[in-house]
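The values are calculated or read from the model by the stated rules, or taken from the named source; none is laboratory data. Please read all numbers here as calculations on a predicted model, not as lab measurements. Cβ: placed from backbone, ideal geometry, glycine included. Neighbour counts: every protein chain shown. For accessibility, only protein heavy atoms count, side chains too; no ligands or nucleic acids. Shrake-Rupley method; radii C 1.70, N 1.55, O 1.52, S 1.80 Å.
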Amino acid sequence: MGVVNVTPDSFSDGGLWLRPQEAVSHGLRLLDEGADLLDVGGESTRPGAARVSEAEELARVLPVVEALAGRGATVSVDTTRAAVAAAALERGATLVNDVSGGLADPAMAGLVASAGCAYVVMHWRGHADVMDARARYDDVVADVRAELGERVAALTAAGVRREQLVMDPGLGFAKPGSANWPLLAALPSFVADGLPVLVGASRKRFLGHLLAGPDGVPAPPLHRDAATAAVSALAAAAGAWAVRVHDVRASADAVRVAAALTGARRREEP
């Protein structure tokens with residue numbers, strides 16, 4: 001899943017693809033580099049980010065979704081608003097990637113149920129301006145699995161079919177740096193729950209802290225792509241359905257390596 005941020009303030013590439021024609025060109029490049037689908041978002045979810053209006057989000061994403069879908073791309077829309085999701089689906093998106101898992105907009109569940117589209121339900125504890133204050137866990141793996149299970153139950157009760165759902169543990173969202181590693185280590189248990197699993201580790205803060213220099217300063221976002229590719233390989237080997245990344249070529253190669261190794265191991269099993 002290649003990231004197409006149509007925003008001025010995303011943490012790693014905000015402003016680079018803000019104009020629709022630039023965002024479309026970027027998305028097409030990601031397809032050439034090996035992306036299977038493109039995730040188009042018009043609102044930054046970086047820690048501390050302020051919300052944009054619904055009208056602004058629509059103006060940012062709809063021309064890009066429509067143009068990329070018109071070029072044959074499989075497109076997801078990264079939004080927490082049901083109205084934005086509905087408009088994007090009308091213009092060719094086939095998947096809704098909702099970082100709130102339906103908590104931000106009570107109309108989202110009904111929309112997804114009626115549309116019948118694929119839907120990513122992510123673990124979430126609040127919008128970007130408050131999520132760091134809610135990053136407290138007794139057992140991060142158990143807590144995230146339980147809270148995701150509650151969201152899945154609520155969505156299916158609202159009419160969303162289980163076959164529509166993709167699960168995302170929400171790396172970096174209301175998670176202190178150290179909490180992300182147990183979640184990655186527990187990916188096989190998320191996969192074993194039976195839903196496809198999306199992993200979004202690309203360029204996130206916990207990788208920056210891991211790669212900090214001798215002075216303790218975290219590596220900047222653009223210096224985290226090699227570590228992202230390593231996570232992509234490990235996630236693929238653990239059975240993840242997809243990885244959401246900014247630098248597609250390296251992660252696409254990493255996923256191929258993981259697939260080849262996993263295939264070889266299966267052939268050797270009795």
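For the stretch 47-143, the solvent-accessible area of protein heavy atoms averages 40 Å² per residue (probe radius 1.4 Å; ligands and nucleic acids excluded). Surface composition of the chain: carbon and sulfur make up 55 percent of the accessible area, probe 1.4 Å. In this simple spin-label model, placing a label point 7 Å from the Cα along the Cα-to-Cβ direction at both V141 and A212 gives a separation of 2.5 nm. With all protein chains kept in place, the per residue accessible area of the stretch 178-270 amounts to 51 square angstrom at a probe of 1.4 angstrom. Of the whole protein surface, H223 contributes about 130 Å² of accessible area at a 1.4 Å probe radius. Full extension of the segment from L16 to A260, taken as 0.36 nm per residue of separation minus the current Cα-Cα distance, would add 84.4 nm.
Here the peptides 214-220, 174-180 are ranked by packing, the mean other Cβ count within 10 Å, and the order with the highest first is 174-180, 214-220. Enter the Cα centre distance for the pair the stretch 1-36 and the stretch 48-69, rounded to the nearest angstrom. Cα centres, the stretch 1-36 to the stretch 48-69: 12 Å.
A protection proxy built from the mean count of other Cβ atoms within 10 Å ranks the segments 109-121, 196-208, most packed first, as 196-208, 109-121. Treating each Cα of the stretch 120-270 as an identical point scatterer and summing with the Debye formula, the log10 of I(q)/I(0) at q = 0.11, 0.14, 0.19, 0.21 Å⁻¹ comes to -0.46, -0.73, -1.22, -1.37. Each residue of the stretch 196-205 was assigned a 3J(HN,Hα) from its phi angle through the Karplus expression (A = 6.51, B = -1.76, C = 1.60, θ = phi - 60°), giving x, 10, 9, 10, x, 9, 4, 6, 7, 4 Hz with x at Gly and Pro.
Computed per residue of the chain from DSSP H runs no shorter than four, each worth -39500 (n - 2.57), the mean residue ellipticity at 222 nm is -14000 deg cm²/dmol. Amide H contacts of V166: Y119, V120, V121, each under 5 Å away and 5 or more positions distant or on a separate chain (H built 1.01 Å from N in the peptide plane; Pro and chain starts excluded).
If you sort the three axes of the alpha carbon gyration tensor as a ≥ b ≥ c, you get a/c of 1.5 or more for the stretch 1-135 and a/b no higher than b/c, which makes it oblate. Two tests apply to each whole DSSP H helix in the chain, Cα reach of 15 Å or more along its axis and mean Kyte-Doolittle hydropathy of at least 0.5, and the ones passing both are 54-70, 140-157, 225-237.
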